[in-house]
Amino acid sequence: GAVVSQHPSWVICKSGTSVKIECRSLDFQATTMFWYRQFPKQSLMLMATSNEGSKATYEQGVEKDKFLINHASLTLSTLTVTSAHPEDSSFYICSADTFGGGEDTQYFGPGTRLTVL
Amino acid sequence: SQQGEEDPQALSIQEGENATMNCSYKTSINNLQWYRQNSGRGLVHLILIRSNEREKHSGRLRVTLDTSKKSSSLLITASRAADTASYFCATDALGDSSYKLIFGSGTRLLVRP
């Protein structure tokens, strides 16, 4: 099946630093990747939609200058949390769309837990 | 917000019993999907039901869809302790350049051995 990986799986950083999270589709090409944020015991909230070779589309209320998204290839998208603060601590999950393959299913990465001290 | 609501928020049952979770949404959809998430992990796709389908089965899972009521249910039969997880419904919505998923609030299922 379609496999999506994320790296790192967890990261702890100091307030004010930037953190980059990678999302890779391992065995398929993903035209579109999605970034979600999930607080404890809550649902996933879509942050942005990332299309290869173009600018990401951010959801309302998500600061594009704080959450930088780069989708440089059909298998890699990165999310950079710039000048992270404790309130940015969360579980970040990416997914990749296999729509081009005829399915309407997103395949999710295992998530990255970010803790900002 | 398009985010759907799920009920119950939490469900605790004995192993072997059936578990039913409900999902309601607000807008027209092309399809509805159910996902499972173990604590602190990513999501696993369970089943997709299209708007022109009323019921779908996959193993011990049974999903129904009532587009007139904008609601769906997920039934897990003969539950096992390993079914303990959070379950989310997700509906599709057309974004600026592609479709996107809008997730429900989720149901936390605990299956007691």
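What the table shows:
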item	result
Tabulated pairs, the range A:60-75, first within 16 Å of A:L46 (Cα to Cα) and in contact (Cβ under 8 Å) with a residue 24 or more places away in the chain, second part of a loop (DSSP other than H, G, I, E, B) and of a type outside the set (D, E), C-beta under 9 angstrom, 6+ apart or interchain	A:F67/A:A56; A:F67/A:T82; A:I69/A:K55; A:I69/A:A56
Breaking point among (1) farther than 26 Å from A:F39 by Cβ; (2) out of contact with any Asp or Glu (no Cβ under 9 Å at 6 or more places or on another chain), for B:N38	(1)
Identity of the residue in the range B:8-39, within 13 Å of another protein chain (Cβ to nearest Cβ) and open to solvent by 40 Å² or more (accessible area, probe 1.4 Å), that ends up farthest from B:K70 (Cα to Cα)	B:S39
Residue count for the range A:48-68, restricted to those that are open to solvent by less than 30 Å² (accessible area, probe 1.4 Å), aliphatic (A, V, I, L, M) and in a strand (DSSP E or B)	1
Single unsatisfied condition, A:G100 versus (1) among the small types (G, A, S); (2) assigned to a loop (DSSP other than H, G, I, E, B); (3) modelled with pLDDT under 95	(2)
Condition met for A:L26 (in contact with an Asp or Glu (Cβ under 7 Å, 6 or more places away or on another chain) and more than 25 Å from B:R108 (Cα to Cα))	no
Search result, residues across the range B:4-33 that are in a strand (DSSP E or B) and of a type in the set (V, I, T)	B:I13, B:T20
Verdict on B:E53 being within 27 Å of A:A2 (Cα to Cα) and assigned to a loop (DSSP other than H, G, I, E, B)	yes
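Residue by residue, here is whether (1) of a type in the set (A, V, I, L, M, F, W, C); (2) modelled with pLDDT of 95 or more holds:
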position	(1), (2)
A:C23	yes, yes
A:R37	no, yes
A:K41	no, no
A:G53	no, no
A:K64	no, no
A:S73	no, no
A:L76	yes, no
A:T80	no, yes
A:Y92	no, yes
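The values are calculated or read from the model by the stated rules, or taken from the named source; none is laboratory data. Since the model is a prediction, treat every value here as computed from it, not as a measurement. Please note: Cβ atoms are built from the backbone with ideal geometry, for glycine as well, and neighbour counts cover all protein chains shown. In case anyone asks, the SASA skips ligands and DNA or RNA and just uses the protein heavy atoms, side chains included. Shrake-Rupley method; radii C 1.70, N 1.55, O 1.52, S 1.80 Å.
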